[in-house]
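First the structure, in the form of structure tokens, and then the observations on it.
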């Protein structure tokens, strides 16, 4: 296995369920020699991506925190959103989420709470969520390319059927087309009890980047309020997309040598 590939697999091995990893576990999992694993761990430790936390092994290091701060400041989607999520949270009173598509999962990159926001929701910054449950994820699924949806159905039929989405690929495509035509997805208590979530896609041209959603306590949402919230949500998403399109046309800064 190439060294770079193995190092990336070492980083990917850290999960919320497995925050610490021992060299011995990595040797078995990656099928690499002791010398190779210790060399990889030393390289990752040197740049701060991991650190030794005990005799048992390693955890993610402080460089991750530094990179997270940089992402918050420089992510094009967050930069384009700017004050919009806070405005939407004030208008709707709910918890506003910006989420990205990442490796067949949905990753929350920002959440902003309004006056009536639920105290806790399943989507948290940095927490990977499945594509098949929750309005926030489903609207992203609805905008994936047809070929990608077909691949997902072959690979994850059990999860798709378990989520109650579809029994066949054709049925799934019909459902996703319906959501695209409606322009939004609304779910109730699908992930968190006594909550309603509504979401719209965030697009860059024809490519889906993620979603913008609002989560509210179910008892606070009347049909009239839900309709108003959807209008506000769609308007906010279009403003973010317009800024993304404008930023995309700007020249990328490149360092130049002194004359």
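If you go through the stretch 172-188 one residue at a time, do you hit one that is touching a strand residue (DSSP E or B) at 6+ places or on another chain (Cβ under 6 Å) and surrounded by fewer than 18 Cβ atoms within 10 Å (Cβ to Cβ)? First the steps, then the outcome.
To start, the set of residues in the stretch 172-188 that are touching a strand residue (DSSP E or B) at 6+ places or on another chain (Cβ under 6 Å) comprises 179, 184-188.
Now drop any that are not surrounded by fewer than 18 Cβ atoms within 10 Å (Cβ to Cβ), which leaves 188.
Looking through the stretch 172-188, at least one residue is touching a strand residue (DSSP E or B) at 6+ places or on another chain (Cβ under 6 Å) and surrounded by fewer than 18 Cβ atoms within 10 Å (Cβ to Cβ).
Residues in the stretch 3-10: is at least one modelled with pLDDT under 95, in contact with a strand residue (DSSP E or B) (Cβ under 6 Å, 6 or more places away or on another chain) and either part of a helix (DSSP H, G or I) or under 24 Å from residue 125 (Cβ atoms) (or both)?
Taking the stretch 3-10 first, the residues modelled with pLDDT under 95 are 3-10.
Okay, now just the ones that are also in contact with a strand residue (DSSP E or B) (Cβ under 6 Å, 6 or more places away or on another chain), so none.
Within the stretch 3-10, none of the residues are modelled with pLDDT under 95, in contact with a strand residue (DSSP E or B) (Cβ under 6 Å, 6 or more places away or on another chain) and either part of a helix (DSSP H, G or I) or under 24 Å from residue 125 (Cβ atoms) (or both).
How many of the residues in the stretch 74-97 are surrounded by fewer than 20 Cβ atoms within 10 Å (Cβ to Cβ), part of a helix (DSSP H, G or I) and out of contact with any helix residue (DSSP H, G or I) (no Cβ under 8 Å at 6 or more places or on another chain)?
Selection size over the stretch 74-97: 3.
Report whether or not residue 143 is more than 29 Å from residue 116 (Cβ to Cβ) and at pLDDT 95 or above.
no
Could you list, in sequence order, the residues of the stretch 37-51 that are within 29 Å of the chain's Cα centre (by Cα) and surrounded by 13 or more Cβ atoms within 10 Å (Cβ to Cβ)?
Hits for the stretch 37-51 are 40, 41, 43, 44, 45, 48, 49, 50, 51.
Criterion first (closer than 21 Å to residue 103 by Cα and in contact with a helix residue (DSSP H, G or I) (Cβ under 6 Å, 6 or more places away or on another chain)) does residue 191 satisfy it?
Values: closer than 21 Å to residue 103 by Cα: yes; in contact with a helix residue (DSSP H, G or I) (Cβ under 6 Å, 6 or more places away or on another chain): no.
Considered against the rule, which asks whether it is closer than 21 Å to residue 103 by Cα and in contact with a helix residue (DSSP H, G or I) (Cβ under 6 Å, 6 or more places away or on another chain), residue 191 comes out as no.
Look through the stretch 22-55, keep the residues that are out of contact with any strand residue (DSSP E or B) (no Cβ under 9 Å at 6 or more places or on another chain) and assigned to a loop (DSSP other than H, G, I, E, B), and return whichever of them is farthest from residue 110 (Cα to Cα).
Per the criteria, the residue is 33.
Select the helices (runs of 4 or more DSSP H) contained entirely in the stretch 103-194, then report the ones holding at least 1 residues which are under 17 Å from the mean Cα position of the chain (by Cα) and closer than 26 Å to residue 226 by Cβ. Talk me through it step by step, then tell me what you get.
Details: elements: 135-142, 146-155, 157-162, 169-182.
Fully inside the stretch 103-194 and qualifying: 135-142.
Looking only at residues in the stretch 14-36 that are surrounded by 14 or more Cβ atoms within 10 Å (Cβ to Cβ) and without any contact (Cβ under 8 Å) to a residue 24 or more places away in the chain, which one is farthest from residue 128 (Cα to Cα)?
Among those residues, the one meeting the criterion is 27.
From the list 216, 230, 244, which one is on the phi < 0 side of the Ramachandran plot and not in a helix (DSSP H, G or I)? Spell out how you get there, then give the answer.
Details: 230 fails: not in a helix (DSSP H, G or I); 244 fails: not in a helix (DSSP H, G or I).
Criteria check complete, one pass: 216.
Against the condition touching a helix residue (DSSP H, G or I) at 6+ places or on another chain (Cβ under 6 Å) and within 22 Å of residue 8 (Cα to Cα), how does residue 106 come out, does it pass?
Details: touching a helix residue (DSSP H, G or I) at 6+ places or on another chain (Cβ under 6 Å): yes; within 22 Å of residue 8 (Cα to Cα): yes.
Judged against the criteria, residue 106 is a match.
Got a sec? Which of 80, 122 is in the same structural domain as residue 220 (by TED's automatic domain parsing), in contact (Cβ under 8 Å) with a residue 60 or more places away in the chain and farther than 30 Å from residue 194 by Cβ?
Numbers: 122 fails: farther than 30 Å from residue 194 by Cβ.
One residue alone meets the criteria, 80.
The values are calculated or read from the model by the stated rules, or taken from the named source; none is laboratory data. All of these numbers come straight from a predicted model, not from anything done at the bench. When we count neighbours, we look across all protein chains shown, and the Cβ atoms used for this are built from the backbone with ideal geometry, even at glycine.
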